[in-house]
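Here is the structure we will look at.
Every number here is computed from the coordinates shown, using simple stated rules; none is lab data. Predicted model, so just to flag it, every value in this text is computed and none were measured. Methodologically, a virtual Cβ is constructed for each residue, glycine included, from the backbone with ideal geometry; neighbour enumeration extends over all protein chains shown.
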Amino acid sequence: MSDASPPPPPAEASPPPPPSTSGSPTDFLKGVVGKRVVVRLTSGVDYRGVLSCLDGYMNIALEQTEEHVNGTVTNRYGDAFIRGNNVLYISAAEAL
Amino acid sequence: MSGQSEIIDRVPKDESAPQQPEEEVALNTILPLEVIDKSIGQNIKILLTNDKEFHGTLVGFDDYVNVVLENVQEYDSDGPKGKIIKKMLLNGGLVAMLVPSIN
Amino acid sequence: MDTSSGIQEPFDLIRLSLSEKVFVKLRGDRELTGVLHAYDGHMNLILSDVEETIMLVEQVEGGPEGQTTVNVAKRKMNMLFVRGDGVILVSPPSRT
């Protein structure tokens with residue numbers, strides 16, 4: 001730590017496992033707010049849209065929302081509030 | 001009888017001094033999520049309360065066992081489902097078990 | 001990074017929909033449209049001038065496995081309380 005440590009290698013060089021605080025659910029969510037996401041419900045229905053915001057219950061506000069059932073668009077909503085208990089997962093629709 | 005009480009005695013019931021007891025508990029017991037913490041960066045299987053499973057690299061988790069995963073494949077009773085998902089947050093409310101890979 | 005709407009948490013979306021006609025998706029293939037009068041943190045709702053749509057998916061009798069018919073039933077109600085745990089999604093009218 002005392003000597004001038006070289007800058008970290010530019011990724012890909014199999015980084016050591018990060019400490020438990022980074023990569024936490026909160027950090028993930030900070031990274032995806034404002035981005036296009038896929039929200040999968042436990043029923044299997046997907047909602048694709050721009051993540052406006054969410055809260056501690058995983059309640060979600062989405063913009064430009066498309067409802068996908070079995071790969072086909074079944075509905076479109078300008079805004080959508082999704083109650084968090086129905087959420088199975090959130091993933092980024094594009095590379096982060 | 002005596003062996004069991006010995007363990008219990010070490011865990012202070014008093015919660016008036018919040019920091020001290022926490023430390024002592026940590027010294028004497030291993031918490032389940034501490035074990036999972038060691039699996040960060042490794043492959044893990046997440047088994048849900050229904051028949052679904054998610055296999056991927058564990059990135060992080062919180063006290064609710066909400067889990068962040070990378071390069072995830074979903075499985076149901078019929079086998080793999082859908083494409084690999086680069087990164088996701090899985091809701092802890094449905095998690096039944098976490099199975100770290102042994103290596 | 002937020003858009004014009006000024007939504008900071010998901011419930012803001014619902015708050016901004018008070019006195020507006022909203023679309024509500026419920027568990028059990030039920031859908032509601034009606035005017036939102038009140039809500040709480042459980043997503044319990046009070047709606048008026050409600051139309052409920054129920055999708056009844058039935059296996060075709062004597063038909064091959066998986067062949068189903070969808071019957072749509074509709075009914076209207078003046079005033080309605082919706083228990084929050086049945087709510088999957090709430091969508092305000094698009095403000096475009």
Item to complete: Just the ratio, please: alpha-carbon radius of gyration of the range B:41-100 over 2.2 N^0.38 Å, N its number of residues.
Response: 1.00
Practice prompt. Quick one: net charge around C:Thr69, please, counting Lys, Arg +1 and Asp, Glu -1 for every other residue with C-beta under 15 Å from its C-beta.
Written response: -4
Worksheet item: Using only Cα atoms, what Kirkwood radius does chain C have, in angstroms?
Response: 14.9 Å
Fill in: Gap separating the Cα centres of the range B:47-98 and the range C:5-22, nearest whole Å
31 Å
Response to the item:
For peptide B:56-66, the mean count of other chain Cβ atoms within 10 Å per residue Cβ is 4
Worksheet item: Which value, in debye to the nearest 20, describes the size of the charge dipole of the range A:26-92 about its Cα centre when Lys and Arg Cβ atoms bear +1, Asp and Glu Cβ atoms bear -1, and nothing else is charged?
Response: 100 debye
Worksheet item: With the Cα gyration tensor of the range A:30-96 giving a ≥ b ≥ c as the square roots of its eigenvalues, does the rule (a/c under 1.5 for rounded; else a/b larger than b/c for prolate; else oblate) give rounded, prolate or oblate?
Response: rounded
Worksheet item: What is the average number of partner chain Cβ atoms found within 10 Å of a Cβ in C:14-21?
Response: 1
